[in-house]
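This report refers to the structure that appears directly beneath it.
The values are calculated or read from the model by the stated rules, or taken from the named source; none is laboratory data. Quick caveat: nothing in here was measured; it's all calculated off a predicted structure. Here the Cβ positions follow ideal geometry from the backbone for every residue, glycine too, while neighbour counts run over all protein chains shown. Surface accessibility is based on the protein's heavy atoms, side chains included, excluding ligands, DNA and RNA. Shrake-Rupley method; radii C 1.70, N 1.55, O 1.52, S 1.80 Å.
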Amino acid sequence: MHILLPLDGSELSLEAVHFAIRLAHEGLQAHLLLANVQSPASLYELVQAPDPQVIDEIARAAGQHALEKAQALLHAAGVPHHCEVVSGEPVVALLDLIELKRCTLVIMAGHGKSLLRTVLEGSVSHELLQASPVPVLIVKPPEAEAEVADLIP
């Protein structure tokens, strides 16, 4: 099983990594693909650094930095993984990775936005959930889990 874990470098995105580690420790045989999507260079960046190779190197370094904590967690847990840093519109880039790497599942953190806020601002997790050819598991933020637990008598 190949599992895609899209990460943006935030502490919240690490919730998906913790969840994947729990699955692996419970016996799921999977190889994880950590992915970070960097936005394409802006016009300002192209003017300031006209060499496309410099811009690509900066984006790749930023993406690798965003994956470092997740890599450390997975390495310490002994869970096999590899990393990809890609550039482009996040949902399109992730869909391309799903196809290219033949992923069978996506695990990602949800930011816990309300439905109205998601509609107004958009959400990569929501868009990917709608467009993905494979199942997408969205890990709720810890405070959202606590709120649900408070509602159960």
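As for the stretch 103-119, it holds no residue that is modelled with pLDDT of 90 or more, open to solvent by 30 Å² or more (accessible area, probe 1.4 Å), assigned to a helix (DSSP H, G or I) and in contact with a strand residue (DSSP E or B) (Cβ under 8 Å, 6 or more places away or on another chain).
Would you say Gln64 is open to solvent by 60 Å² or more (accessible area, probe 1.4 Å), touching a strand residue (DSSP E or B) at 6+ places or on another chain (Cβ under 7 Å) and either at pLDDT 85 or above or not in a helix (DSSP H, G or I) (or both)? Judged against the criteria, Gln64 is a match. Looking across the stretch 31-44, the residues that are without any contact (Cβ under 8 Å) to a residue 60 or more places away in the chain and within 18 Å of Val136 (Cα to Cα) come down to His31, Leu32, Leu34, Asn36, Val37. Residues that are open to solvent by less than 50 Å² (accessible area, probe 1.4 Å), free of Cβ contacts under 8 Å to residues at least 12 places away in the same chain and hydrophobic (A, V, I, L, M, F, W, C) do not occur anywhere in the stretch 1-19. Cβ-Cβ distances below 6 Å connect the following pairs, each with a first residue in the stretch 76-91 that is closer than 21 Å to Ser132 by Cα and open to solvent by 40 Å² or more (accessible area, probe 1.4 Å), a second residue that is at pLDDT below 95 and small (Gly, Ala, Ser), and a separation of six or more residues or different chains: Ser87/Ala59.
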